[in-house]
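These notes are about the structure you will find just below.
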């Protein structure tokens, strides 16, 4: 069975979750949640399971495993569910994580998709979501966005745009158009393989 892995990257509030949800619900992709893996490990290791605690734990795992923990989580999912052939990693943060995933898979079976939007759009989305969830002011949401965006993991995630196979701007492209674009990219690879 040919296994396909889609790897999503992008900044906070870019729309990765909406794209992932669409791929899972309408195209039967199985989701590998890096944040869920980190939350489980945070409880085991005594880290706070908030954004900052998970970022710090991710940094520690990057150091301990040479960034391989994300690929190890994927391998574990593949092993636990061999019947599934469509996989989605919902958030890669560092280039070395993607390098390990590319070593794990054949080049034609992995597609790195970067989701982004202009900074003012990201800030407004995050602030609105934060204000709503935390019952805080918009100013508090903007402050929290600025703090989260300054973290080295977030800076590194934004830089993945330069190495992605395909890039989509969610301020311009709808979730549906992005999903169509992902499948066009996959078909384009298959057509190239057939021609070779």
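Rounded if a/c is under 1.5, else prolate if a/b is larger than b/c, else oblate: which is segment 23-102, with a ≥ b ≥ c the root eigenvalues of its Cα gyration tensor?
prolate
If you take Kirkwood radius over Cα pairs in Å from the coordinates, which of (i) 17.5; (ii) 18.8; (iii) 18.0 do you get?
(i)
Per-residue counts of other Cβ atoms within 10 Å, averaged by peptide: what ranking do you get for 156-169, 176-189, 111-124, 85-98, highest first? Let's see the in-between values first.
Values: 156-169: 17.4, 176-189: 14.9, 111-124: 19.2, 85-98: 21.7.
With the highest mean Cβ count within 10 Å placed first, the list reads 85-98, 111-124, 156-169, 176-189.
Please give the helix 16-27 orientation as an angle from the longest Cα principal axis of the chain, in degrees from 0 to 90, rounded to the nearest 10.
For 16-27 against the chain, the angle is about 40 degrees.
Give, in whole angstrom and from largest to smallest, the semi-axes √(5λ) of the equivalent ellipsoid of segment 1-47, with λ running over the eigenvalues of the Cα gyration tensor.
Numbers: eigenvalues 110, 48, 18 Å².
Working from the Cα gyration tensor, I get semi-axes of 23, 15, 9 Å.
If you take the alpha carbon radius of gyration of segment 71-159 and divide it by 2.2 N^0.38 Å, what ratio comes out, to two decimals? Spell out each step's value before the answer.
Details: Rg = 16.9 Å, N = 89, 2.2 N^0.38 = 12.1 Å.
The value comes to 1.40.
Does segment 125-193 classify as rounded, prolate or oblate by the C-alpha gyration tensor (a ≥ b ≥ c root eigenvalues; a/c under 1.5 gives rounded; else a/b over b/c gives prolate, otherwise oblate)?
Values: a/c = 4.58, a/b = 2.06, b/c = 2.23.
Oblate is the answer for segment 125-193, as a/c is 1.5 or above yet b/c matches or exceeds a/b.
Have a look at the DSSP beta bridges in the chain and tell me what percent are antiparallel, nearest 5.
0
Throughout, read-outs are computed from the coordinates displayed, never taken from laboratory work. Model, not experiment: these values are computed from the prediction. Here the Cβ is made from the backbone with ideal geometry for all residues, glycine too, and neighbour counts use every protein chain on show.
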